[in-house]
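The values are calculated or read from the model by the stated rules, or taken from the named source; none is laboratory data. What you see is a predicted model, and the numbers here were worked out from it, not measured in a lab. With ideal geometry, Cβ positions are generated from the backbone for all residues, glycine too; neighbour counts draw on all protein chains shown. All accessible areas refer to the heavy atoms of the entire protein, side chains included, with ligands and DNA or RNA removed. Shrake-Rupley method; radii C 1.70, N 1.55, O 1.52, S 1.80 Å.
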Amino acid sequence: MLKVERASVYFAARDGRTVHALDRVSLDIPDQSFVVALGASGCGKSTLLNAIAGFLPLSEGSITLDGRPIVAPGADRGVVFQKDTLLPWKSVLDNVALGLKFAGVGRSERRDRSQALLQLVGLADFSNAMPFELSGGMRQRVGIARALATDPDILLMDEPFGALDSLTREQMQELLVSVWDRTGKRIFFITHSIEEALFLGTQVIVMSPRPGRIVARFDLDFVKRFAKNRDAREIKASPEFANLREEIRAIVHSSEDFRSAAE
Ligand SMILES: Nc1ncnc2c1ncn2[C@@H]1O[C@H](COP(=O)(O)OP(=O)(O)OP(=O)(O)O)[C@@H](O)[C@H]1O
């Protein structure tokens with residue numbers, strides 16, 4: 001279990017004011033779950049992910065992964081950002097193998113494990129390609145393979161598909177469901193898209209800004225249905241999906257109205 005307990009983060013803004021980016025957020029991310037954080041800009045989604053990744057300290061509260069306190073980045077957490085962070089001078093295979101190299105894994109095992117992961121993300125034939133030869137979606141696939149290379153306990157994804165065109169985005173969502181289903185990794189995923197959140201999450205948390213709080217939680221099973229029947233259109237066209245989309249839209253908008261009224 002990854003456990004966030006009453007996590008708060010305050011930042012000192014440049015004008016001397018204090019920004020309350022996260023306010024006593026509690027969240028459980030069980031094994032094999034797919035937890036999606038949804039909310040308008042500035043509601044603390046990235047702050048929460050960065051704290052789980054160990055990139056920034058909490059002001060109050062705690063985060064533990066299977067009982068171990070998180071205080072720094074570690075190989076037990078794989079991270080994927082919106083902008084890929086591939087090294088342009090290294091091949092696709094070497095990019096995937098990078099974390100394994102740092103972990104001291106030998107050359108041939110690095111090759112085998114990285115090749116298997118490239119197969120998992122549908123890029124088996126691109127191991128010798130250079131990053132500049134790949135499309136945006138393919139680069140994100142390499143990023144996912146690289147994040148999985150050290151066999152982490154959780155995958156942390158900060159708007160990984162936010163810069164992709166809508167068709168590629170849907171393909172990437174479907175690919176990610178396969179990766180999740182086959183590896184059994186738990187995932188914490190951030191998005192602005194209500195539809196993406198509904199399609200992917202076993203749990204969706206809706207956040208609102210200033211201070212960043214969780215204002216609603218939904219347990220869902222669309223992603224499990226898709227993992228079984230692989231029919232995204234059927235799921236997204238279902239009345240159940242449409243009703244929830246409207247319900248969540250109303251929550252997101254009311255938290256934005258609240259913010260503008262307060263300003
Ligand atoms: N290093 C920092 N210094 C000061 N303020 C910060 C810092 N990082 C984030 N903030 C502020 O904290 C709040 C939450 O930011 P955060 O990036 O976590 O939101 P978000 O929900 O991820 O937004 P977006 O969807 O736009 O990425 C915002 O008001 C932001 O301006």
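A few notes on this one:
- The modelled label-to-label distance for the pair residue 64/residue 40, using points 7 Å beyond Cα in the direction of Cβ, is 3.6 nm.
- Extension gain (nm, one decimal) between residue 237 and residue 6, 0.36 nm per residue minus Cα-Cα: 79.4 nm
- Taking Lys and Arg as +1 and Asp and Glu as -1, the other residues whose beta-carbon sits under 11 Å from that of residue 3 total -1.
- Of the two radii for region 86-151, the radius of gyration is 0.92 times the Kirkwood radius, both from the alpha carbons; that is the Rg over Rh value.
- Rolling a 1.4 Å probe over the heavy atoms of the protein chains gives region 86-151 an accessible area of 51 Å² per residue.
- Of the chymotrypsin sites (Phe, Trp or Tyr not before Pro) found in region 1-91, the ones in coil according to DSSP and having at most 13 other Cβ atoms within 10 Å of their Cβ are 89.
- Of the trypsin sites (Lys or Arg not before Pro) in region 1-65, those whose Cβ has at most 16 other Cβ within 10 Å and which sit in DSSP loop: 14, 17
- Restraint check, 101/224; 90/236; 101/228; 45/236; 83/236, Cα-Cα greater than 29 Å: 101/224; 90/236; 101/228
- Under the combined filter of DSSP loop state and at most 14 neighbouring Cβ atoms within 10 Å, region 49-156 retains these trypsin sites (Lys or Arg not before Pro): 83, 90.
- Calculated P(r) of the chain - Cα pairs past 22 Å, %: 57
- Whole-percent carbon and sulfur share, accessible surface of region 86-151, 1.4 Å: 51
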